[in-house]
Amino acid sequence: AVTMTYLGLNLEVTNNRLIDKDVVIDTGVGLVVSKFTTSYGIYNWSVILPQGPLLWPAIWLQGKDKWPPEIDVMEAYSDSNGRYKHKLNTNAYFGITPLHSSVRAFSSGWFIDKSKPILLTLDWRKDYIKIYYNNVLVRVIKSKSVLNWFNEHPLMEVVMDNAVRVGHKDKSWASFPFIVEWFSYAEG
């Protein structure tokens, strides 16, 4: 469910069934996790959202050796008609499992334009986490208690995926994949 084309990295949803020991997954999803770890710095992605019902494309960072921490740069949610209804969310998870906490999802969907890519930027420093959509600041995290958790666990992996939402019944997935045109990271 992951291919490279002239457009970039295509993360697709497929009808491929995965059977691994006692686990059966009826849907293949495009998922890429970095082999390298990252930390503080500036991350940029240019993405084109997939079109189709009940999709859940996301760009995020997860803890290298444990979860949480997690920084959700973008999670998008299409409805059963394939509309995103302005649902682009950011979030961050921290704390000790199973009592982890979240800074709460925050929607910034006015950046959705099916004809244009969305530029996502994460500026992560020891004293803040900032998320931008198309160069507009949509989220700032400055809470010392939240940042302390990320500063204690700074090694992260980059994750890019196109999943399906709960409730999907048919196999009429995306007519287009989730496209990551490009990604860059500058250590900071």
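The values are calculated or read from the model by the stated rules, or taken from the named source; none is laboratory data. Keep in mind the model is a prediction, meaning the values are calculated, not measured. Positions of Cβ are generated from backbone atoms using ideal geometry, with glycine treated the same way; all protein chains shown enter the neighbour counts.
Points worth noting:
- In segment 107-136, the residues that are within 17 Å of Q62 (Cα to Cα) reach residues that are crowded, with 17+ Cβ neighbours inside 10 Å and among the acidic types (D, E) with C-beta atoms within less than 9 angstrom, at least six apart or across chains, in these pairs: I129/D123; K130/D123; I131/D72; I131/D123.
- Any chance K142 is surrounded by fewer than 18 Cβ atoms within 10 Å (Cβ to Cβ), touching a residue at least 24 places away in the same chain (Cβ under 8 Å) and not polar (S, T, N, Q): no
- Qualifying residue in segment 27-40 (condition: modelled with pLDDT under 90 and in a loop (DSSP other than H, G, I, E, B)): yes
- Residue within segment 120-134 that is part of a loop (DSSP other than H, G, I, E, B), on the phi < 0 side of the Ramachandran plot, at pLDDT below 95 and exposed (fewer than 13 other Cβ atoms within 10 Å of the Cβ) present: no
- If the condition is being at pLDDT below 95 and in a strand (DSSP E or B), then segment 41-57 contributes I48, Q51, L55, W56, P57.
- Against the conditions (1) surrounded by 15 or more Cβ atoms within 10 Å (Cβ to Cβ); (2) modelled with pLDDT under 85; (3) farther than 15 Å from V13 by Cβ; (4) more than 18 Å from the chain's Cα centre (by Cα), P98 satisfies every one except (1).
- Of all residues making up segment 66-83, the number that are surrounded by 18 or more Cβ atoms within 10 Å (Cβ to Cβ), farther than 25 Å from W149 by Cβ and without any contact (Cβ under 8 Å) to a residue 40 or more places away in the chain: 1
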